Amino acid sequence: MTHPAVRLVLRLVPEPQPRPTGVRELLVDGVPFGRQQAPLGNVLRMAAPGAEQRLIPGIPGAVRFGGLPAGMKQVELWLPQQTPTELVGLRADGEVLAPLPDGRRRWVHYGSSISHCLEVDGPTGTWPVGRQCSGEWR
């Protein structure tokens, strides 16, 4: 997205735990700008191996990124690689626009546990994102 806002607020519900809630990362003009841990959302209760799982619904929490530079900027939000997340709202204090075509090839990736990179500490540390951020792909 491209926008002149200086504050961005996401309303989201991290999906069932016991997985960690994960980190949301923000890039501004291709440069890391901020990282936020999401609040606890839905909880998946697992009593014992083979027992029926029970979903305990959570309430949406907010992740805020403030202090964005003034003026138009390219903003990328990366959701956690190890936790499904339901995005239920996005607010900004300025107009939000779709990114302009830039001629780069598009990388769409859906993969295995290896490409999910569950052990890295954030989504931009995964190898598919690193490849995408190399400048040749979007």
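The values are calculated or read from the model by the stated rules, or taken from the named source; none is laboratory data. Bear in mind that the values here come from a model prediction, so they are computed numbers and not experimental data. So basically every Cβ, Gly included, is an ideal-geometry build from the backbone, and we count neighbours across all protein chains shown. Quick note on the areas: whole protein, heavy atoms, side chains included, nothing else; ligands and nucleic acids left out. Shrake-Rupley method; radii C 1.70, N 1.55, O 1.52, S 1.80 Å.
Scanning region 17-33 for residues that are within 9 Å of the chain's Cα centre (by Cα) and either of a type outside the set (A, V, I, L, M, F, W, C) or modelled with pLDDT of 90 or more (or both) gives Gly22, Arg24, Glu25, Leu26.
Can you name every one of the strands (runs of 3 or more DSSP E) wholly within region 44-126 that holds 1 or more residues which are modelled with pLDDT of 80 or more and either surrounded by 13 or more Cβ atoms within 10 Å (Cβ to Cβ) or under 17 Å from the mean Cα position of the chain (by Cα) (or both)?
Here the list reads 61-66, 73-78, 85-92.
Residues of region 34-43 that are assigned to a strand (DSSP E or B), open to solvent by less than 90 Å² (accessible area, probe 1.4 Å) and at pLDDT 75 or above: Gly34, Gln36.
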